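Derivation of every value follows stated rules applied to the coordinates shown; laboratory data play no part. If you're wondering where the values come from, they're calculated on a predicted model, not measured in any experiment. Heads up, the Cβs are rebuilt from the backbone with ideal geometry, glycines too, and the neighbour counts pull from every protein chain shown.
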Amino acid sequence: MKLRLSKVWVKKLLNLPETGMGYQKVDVLLKDGRKIEGVFVYNAEFLELPEAYQGVTINDIVDITLSKINDFGNN
Amino acid sequence: MIRIEKKWEEVLLSKPETGMGYQIVEYKIGRIKQKGIVLNAEILINENEVESLKQFSLGLKETKFLETAESSRNIEEIEVLSRKEIISIDEIFLGFMKGMNIPAKDAKVSYTTKNEVFKRFSAFKNDKRITPEGGLLPGTYTTTEEDAKNVKTGKEAVDRYALPNDDPAIYVFTVKPPEDTEVKRGVVQPLDDKKGGGVEVLFINGSPSNTVEGPVEIPAE
């Protein structure tokens, strides 16, 4: 499931380095306190969320930061 | 691979490193001048041997090098090259990095050479890392022009550069940064079922305006 991020988040992400060509690996903090770790954003604009977070909208996002999980899927 | 004599070790230790733990040198055996990489001021690897370092890619151990290296008393001269003198530094360094299989983020800073060209594959025509003035934002990844020759389709780009986005990266931007732009060079690591293995070049501080052209569109598959 891909969410299109608002300009505020795009701007923030463009000020952060990429993780690889065309993408960033990020952690997403939600209003309800849940943290979604190690998900991808493409072109600083499209956030890919796991199916388990299907109901999440951009209004639920409190913060997006670069993920501390390493780039290759291993914690 | 040559184990360097003590007398040359002392010479090398009195000279600055090219990067962390290594020096790029020119040395003379007989009448022939050659270039290579010296590790830890004791092991000399000819520039034509760097590919063989791949065998150590799963666990680079100095002892392995020492076991393999042959002693040589035939070196007549050895000098550390300054960055300005090393025309092919990137090729040598890249070969070395390939052997070590290090991703760009973990690599040491290096510098672009005069007229060096890079490519960026993207699934987005309006790639947001390309500034409206035709530059690159800091922290943007590319590949070398040479490595990009391995990629003919957007799907191949996804596989070679292990892009998590499955959409084919069909838009190819060309980057021509000024000489001495700071970059980190490395090898793309596999991601899930994507092989990686391509060269990745991270533009630490981006690239100035009017250095990015394109995109050119390639077939999806």
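Once the piece of chain linking B:Gln34 and B:Glu49 is laid out straight, how much longer is it, given 0.36 nm per residue of separation minus the C-alpha distance between them?
4.2 nm
I want to verify a result. In a Gaussian network model of chain A, Cα cutoff 10 Å, which of these has the top mean-square fluctuation: A:Tyr23, A:Tyr42, A:Tyr53?
Looking only at A:Tyr23, A:Tyr42, A:Tyr53, the largest GNM fluctuation is found for A:Tyr53.
Could you work out how much longer the chain between B:Asn210 and B:Ser14 gets when fully extended? Use 0.36 nm per residue separation minus the Cα distance between them, nm to one decimal.
Residue separation times 0.36 nm, minus the Cα-Cα distance, leaves 66.4 nm.
Taking 7 Å along the Cα-to-C-beta vector as the label spot, tell me the B:Glu77-A:Lys35 distance in nanometres, rounded to one decimal.
According to this spin-label approximation, the distance is 5.9 nm.
Most exposed first by the Cβ proxy, i.e. fewest other Cβ within 10 Å, how do B:Tyr141, B:Tyr111 rank?
Least to most surrounded, the residues fall as B:Tyr111, B:Tyr141.
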